Each structure stands twice: as C-alpha cells, then as structure tokens.
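Heads up: the structure comes next, in structure tokens.
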Amino acid sequence: MNIERRLNLIKEVGEEIITERDLTELLKEKKHPVAYDGFEPSGRMHLAQGVLRAININKMIEAGCKFKMLIADWHAWANNKMGGDLEKIQTVGKYFIEVWKACGLKDIEFLWSNNIVNDKNYWRTVMNVARNNTVKRITRCAQIMGRRESESLSAAQIIYPCMQVADIFYLNADIAQLGMDQRKVNVLAREIGEKIGFWKPVVVSHHMLMGLKKPPAGKNTVERAIEMKMSKSKPDSAIFMDDLEEDVERKINKAYCPEKDIDNPILEYCRYIIFQRFKKMKIERPEKFGGDMEFENYMELEDAYRKGELHPMDLKKAVALYINEILKPVRKHFEKDENAELLKKVRSWCKNA
C-alpha cells in the first residue's frame, strides 16, 4: 500500500491530526509505526468505545500500524473509578477485552497498566514528566479524566496525566490515537517528549460520538464535542454494547432527532457506524408514505433528511435495526458461561447504567 493510501486511511480516523506533515514523514520512515490508545475500565462499554473504536483501530491496522491497547487499570484507580476498588476495575478490564474481541477488533496487542507499573524505568519517565511541568500545566489536562480544571483534584489525579504521557513513550508509540477529549495530554507529550530524551509523537484524535440527548448550542469546538459525547455517566444518552434489542429501540425512539435538522445523534450513528459497516442503508416505509428508500452513502442520506424527504421516525426505526444487527455478535459472545458470569458482575456494579 502506498503512502497516500495509508495516509488517507488514517485521515478517515483522525478528526484532527497533529501534524499531517509529521504523520507523512513517519509513514515514509516506518512501514509499521506503533499506534496506541488507552481506556479506563470504569463500567459498561458503550457504542463509541466498542463499535466505533473497532472501526477506527482496524483502519489504523490496515494502514500498516501496529496497534497497542492499554487497559488503564491503575489510571482508573487513580481517578477513583468503581469506588477505587482495583479488583473490580480489573474485572471490568477483562469485560472490555471480551467486548472488543466480539465486535471485530483483530491483530491488536492488549497491555495492562498493572504490569507496566512494576518497571522502575516507567516511573522514571513519570517523574521526568512531572519534574518538567507545573501543577497548573498538569491540571489543564484534567479534561482527559472527565474532570474540570476548576475541580479540587486528588494528588493521585495530579499524577494521572504524567502517567498517561509516560505511557506513550514506554509503549514506544509513534502515534497517540485517542479521542478528541484526550488531545490536551497528547499535545503535552509532543511538547515535552524531546526535552526528556524521547520523540514528538503524532496525535491522531478521533471523533467523539454524540450522546442521544439534544446537543448544546454553540460552535463545533472540542469542548462542545466533549460535552455532548456519549457517556456512561449519562446512561439514557448511551447505547451500551450489551443492551438488549428492546433497550436499543427504546433509546433510539426517544433520541433527539428533529425533522430536517442534521445536527443530531441518529445521523451521526449513520455516518460513523452504519455506513462504515454496510455498503448501503435501506429505510423501509409503507407505500402510503413513499415506499422504501435506499442510500449508497451518508451524504445522500443527509441531503434527503435535510430536505424533509425522510421522517425522523422512519430513520430511527432503520437505525435501531442496523445497530441491533451490529450488536448481535456481542450478545452471542456473552452467552458463553464464563463471559455471561463476567457480564453479570459488571452489570451488578453498574446498576444505574
């Protein structure tokens, strides 16, 4: 695969790339650069963490990247997830891995923070990051933990961004391929990498999938994207990977999707998930309402919706069908005895999600 094709695949993933020039040079230099992402195991996995993540990672792998996924159990512990119970966090991490396997992640290396923290060299890098930054600079990264700069952070949460920067270099990652909500810490890694004896990683930040509620008013800024993203802390705004068919239908039927308004989550799922998994999208309708419609690509669908040629309820019905079809392998995967028990535990700890 030539450089242009590899670059274009990665550009399909990256809503923002810092910088495209650096990425191009990296692809010329390395046939198989290392890309990484990291996740806190902190509850049930939703659509953005599962299906969308699998789609993006598989594109990175197709572009020639070796992909490492860090199960950030110690980070979740530092961030007081699952009540600060490390054993529960690690059980959720095992559930995460099983979900990713079921939804199409392949040729990926899974690593655990719990193993990395045994290495003195890792903590040497954490210390070097901390020594070369102020507390104020580190707290500006609070966004990566789902926190605000104005919050009163624990000492462990101050260490967290230093650990995340160290992860990049410890894993030998040429590319930090995380969500837009993680860009501040990735930019910090670019700022400090060469200063502490490493390199300047390329940052490929993927799109934050909308939650099901009405998006906040305002320009399309990173802050707005983070505010309106799908989140397990707002369970009614999220579709979970282990949701039942009726749960998916109920949530999508209640989702924000006004007629002719294209700034809505239902169209987002068509663009970033359905058209990534299916070559066409069919909308089934009674003949009295115009009969079935079929779309070859997302832009055709968006144009029809903007013009009022497609009613929100017809669109929602079709989206629920496609999402349920995508989630079938996950539901089947968790029917196995050991996986069923794992899911039962996670659900019991996350009753409000």
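Quick note: the coordinates plus some simple rules give every number you see, no bench work behind them. Predicted, not measured: the structure shown is a model, and the values here were computed from it. Cβ placement follows ideal geometry from the backbone for every residue including glycine, while neighbour counts extend to all protein chains displayed.
Applying a 10 Å radius around every beta-carbon, put 280-289, 307-316 in order of their mean neighbour count, most first. Walk me through the numbers on the way to the answer.
Working: 280-289: 12.4, 307-316: 16.0.
Ranked by mean Cβ neighbours within 10 Å, highest first: 307-316, 280-289.
Expressed in Å, the radius of gyration and Dmax of the Cα atoms of region 3-206 are 16.1, 46. Between helix 183-192 and the chain there is an angle of about 30 degrees, using the helix long axis and the longest principal axis of the Cα atoms. How about Lys59: which aspartates and glutamates have a C-alpha closer than 15 Å to its C-alpha, ignoring those fewer than 8 places off in the same chain? Hits, sequence-local ones excluded: Glu4, Glu12, Glu15, Asp37, Asp107.
Taking 25 Å as the straight-line reach from the Cα of Lys260, the lysines in range (excluding those fewer than 8 positions away in the same chain) are Lys213, Lys214, Lys219, Lys229, Lys251, Lys279, Lys280, Lys282, Lys288, Lys307, Lys316, Lys317. Cα extents for region 88-165 along the principal axes, largest to smallest and rounded to whole angstrom: 42, 30, 23. Diffusion coefficient of the chain by Stokes-Einstein, Kirkwood radius over Cα pairs, 4 °C, 1.567 mPa s: 61 µm²/s.
Relative to the longest principal axis of the Cα atoms of the chain, helix 312-333 runs at roughly 50 degrees. The lysines within cross-link reach of Lys328, meaning a Cα-to-Cα straight distance under 16 Å and a gap of 8 or more places when in the same chain, are Lys101, Lys336.
Every Cα-Cα pair of region 243-333 was included, and the share exceeding 21 Å stands at 27 percent. Computed from Cα atoms, the angle from the helix 86-102 axis to the main principal axis of the chain rounds to 50 degrees.
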